[in-house]
1. Between residue 296 and residue 120, what's the calculated FRET efficiency when r is the beta-carbon distance and R0 is 35 Å? Round to 0.05.
2. Return a whole-number percent for the relative contact order of segment 202-320, with Cα pairs under 8 Å and 6 or more residues apart as the contact set.
3. From the mean inverse distance of alpha carbon pairs (Kirkwood) and the Cα radius of gyration, derive Rg over Rh for segment 485-550.
4. With +1 assigned to the C-beta of every Lys and Arg and -1 to the C-beta of every Asp and Glu, and no other charges, what is the dipole magnitude of segment 485-550 about the Cα centre in debye, to the nearest 20?
5. Go through 817, 767, 743 and say which Cα lies farthest out towards the positive end of the charge dipole of segment 742-840; charges sit on Cβ, +1 for Lys and Arg, -1 for Asp and Glu.
6. Taking a spot 7 Å from the Cα of residue 474 along the direction of its beta carbon, which residues of segment 571-590 have an amide N less than 17 Å from it?
7. Assuming 0.36 nm per residue, please report the length gained on full extension of the stretch residue 800 to residue 650 beyond their Cα-Cα distance.
8. Using a 10 Å cut-off around each Cβ, can you sort 359, 631 from fewest to most neighbouring Cβ atoms?
Amino acid sequence: MPDRGGGPTGPRIRMGRPSRRSRTLLLTLGVLAVLGMAFVMFAGFWTDWLWYRSVNYSSVFTTTLWTKIGLFFVFGLLMALAVGVNIWLAHRLRPPLSAMSMEQQSLDRYRMGIAPFKKWLLLGVTALVGLIAGASAASQWRTWLMYVNGVPFHQKDPQFHLDVAFYAFDLPWYRFLLGFGFAATVIGLVAAALTHYLYGGLRVTSPGARATAAATGHLSVLLGVFVTLKAIAYWLDRYGLTVKSSDFKATDNWTGLRYVDANAYLPAKTILFCIAVICAVLFFATLWRRTWQLPVIGFGLMVLSAILIGGLYPAIVQKFQVQPNEQSKEAPYIEKNIEATRKAYGIDKANPVDYSGKSSDDTKKQRTDSDTAASYRLNDPNIVSPTFQQLEQQRKYYQFPTTLDVDRYNGVDTVVGLRELNLGKLDKRNWINDHFVYTHGYGAVTAKGTSTAQGAPQFTESGLPTTGDLGDYNQRVYYGEKTTQYSIVGGPQKELDYEQDDGTQKTTSYTGKSGVNLSNPINRAAYAVAFSEPQILYSGAIGDGSRILYNRTPKERVEAVAPWLTIDGDAYPTVVGGKIKWVVDAYTTSNGYPYASRTTLGDTTADSLNEGDNQRAVVTQQNQVNYIRNSVKATVDAYTGEVKLYTWDDKDPVLKTWKKAFPGTVESKSAIPADLKEHLRYPQDMFKVQRELLSLYHVTNSDQFYNASDAWQVPNDPTKKDNSAVPPYYLSMKMPGQTSQQFSLTTTFTPSGRPNLRAFMAVDADATSKDYGTIRLLRVTEDKVYGPEQVQNKLNSSGTVANWVRDMKGADSTVLYGNLLTVPLDKGFLYVEPIYAQGRNAEYPLMRKVAVSYGDRTGFADSLSEALNQAFEVDGAEPAEPEKPGGDTTEPPANSTVKEALADAEKAFEDGQKALKENDWAAYGEAQEKLEDALQRADKAQTQADKDAKQNSDSDNKNDNKNDDNKNSDKNNSSSDDKSGDKETAGD
């Protein structure tokens, strides 16, 4: 044997089969690869199960999982059987190959090639189509659960008089079954035809008969099944007309039947159904007649009928019957659409009330009423976030949201923000710091919405840890809108709780029951794979008690435990019961409400606050819906991550259906704690959907609706330059007819294509109010009432405002316009807008002016009260500059200590004002500290002086000489009065 590359003494290399050692190695590697892929799949499943179990919603996981598995196997098996049986049957019906044609002889090599693998090929094809069909069916788990658990709406559609539940719950499932039937029939038909062709049952190029009798019968039955399904489709299409979308002059999102649908398409579908049934019978009859002549003719007639009856005839009706008198023909169907749309979106009780928009000339009464018409929010939550960030961030690794939230505490509108983590600002980033040390934010910071302190928010809860009006509560924020990374807590590694003012760090260890325990090595391995982080498997920072926290945003958690809900884009925090809880509004939706026009949630809920940087997320779904209810209020505990779902709309049939599908997941409405209910509010995204629909569907007259003569639009935000919609504003205010202020959500409308004000809309947003959810619409009857953009232009063009803006820009400051609030007042509308200025080197803006507009009158001053006085031409405007400590005291205080303290306070105040003008924030903060210390010294000294005076008076009264006593007493009383006045001034 010759040498193989070795030479006379070189090694011999065998060129044969691999050695046993190589085969063993390859087999081992193959097994390991399979086990590795299996463990990766297992890790995803196992970590999901552990997470759902940790939040006590394992039933959601199991119900969803078993539903998907059931649909996968049932429909996967049906598809595999449909294809496999047809292939097997075509093979059994193959003709003898003794006298093969030339065409068949050319296929012989293919038959010979697959002959040894026929069974495996059959199994492979059926398994592949079964897997694809099963995966597709598993994605329909929502459709199946709604079908089997559907409850009636107790509302009937006006065309077929069926319960709305048929269209919302049943029809989608029937359509899925029909689509599956078509797919199975077509794939089975193609597979059978190929098999017949391969084995001689069908011929394409050879002369003579093109198909054997067996192949003819087999394929005819399949074609008969296809045409039968088409007949069913025609029948279901009749009901589908009630939820069909189409373009219509009245609205781009029209849903439901129109004249041509009811008088042309509906009878056409019925006729086509009958033709399809006859055609199907002809195909089935081929089993006995053994000829395709009649079924082919019938199928051709069905296609021709579909073109003529289903296409041409409706077009003729539309052209020659509808268009010449469209308004009259469409009127009954427009009325049905209006009624259904208003019911589906919960706006059926929102009826406009005429409101002139033109006020009287009684300016004194208007000025008096303006004080109680609303609690005007001067702290715009969309602008003051940088101020919160600068004054209350405390440490650079904390952050506040760009758009703060509005809540109510003690009946006062309050701006709220949570101090959450911002790992991007850490000095040292590593795996331990990111996931073990810096694990949570700390504290809720609040400020009055209606007042400021030297232009900055007047904080009612501040500091680190925070103190103020909220009392004692757990301030650690482990779950928040900005908390997107996972953390491992509760183990041997201590967490940073917060850093004290002296630089010392206080540590903590998580004691909640949230998260998944990592003590189990299988759990650690699964999470190491799921998170692609091998250190989880072997890190010494993980030990007994370690728990991994993830899915930490409130929106993520609610979406996970209730995947059948649509989540509002703006979760907001509230402090109740000694805990921080996120409140998340959730919606039940449907796309199957007959005659109700559709809207796209993602587009409808976009406005100027979320179109730019998407800071405040909108409803993320871009799917179209035509029914929506705020049926669930959810809470997420910021420390434990506990998710609670509460029933809010207990009459909603969609919610009832899902509660049947997932029993025990949603608690009753009565289970909502009373202190939590005080902080529940009407959701913004729901309001934005309703205002979008009401811009057109406030009209209930079909002729007026058709002509769109009173169509409205949501105006652009006048404080922005991107033509984005003005956001709705939460505001405590009085609507006409109300005797007291109600926490409301408000918006304005302008006529389509015009800038003047056409309507004002407010909904009672206080969940504790008996009128919660009541929508009030004011339709402005005057044509020349200023709209928001016009008011903004009027203010900007005012000489006083223009000069001030020019001066600010000349001082290298940026001018920011706050929320332009609109309030009905004495048949007119009062506009109030805070205006902020931010120096070039300043870290945050300060409110410097308040602009007011009422009719043709405007006010522009340092304070709201003075601006209102200017607008209503009332004397007694407040001074432009803040009042100095010491006030208007004309006599020096008798106590020298008080006098000295007030002198220090006055100097500190002047230093603070000087620093403020120079944007020297360090000096300003130092001056404020000195001012506070001086006022405290003055107050303490005055209190002691009053006490001493009282003691002297009591002692003198005991003296026998009454005249002297009276004189001394008068003197002491006089001195005491003077000092009391000084004390009040100092406190101010």
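Read the figures in this text as sums done on the coordinates, not as results from a lab. It should be emphasised that the depicted structure is a prediction, and the values quoted were computed from it without experimental measurement. Neighbour counts are summed over all protein chains in view; Cβ atoms, including those assigned to glycine, are modelled from backbone coordinates with ideal geometry.
1. 0.40
2. After rounding, I find 30 percent.
3. That ratio is 1.04, to two decimals.
4. So the magnitude is around 380 debye.
5. 817
6. Under cut-off, by backbone N: 573-583.
7. Full-extension gain reported as 48.6 nm.
8. So the ranking, lowest neighbour count to highest, is 359, 631.
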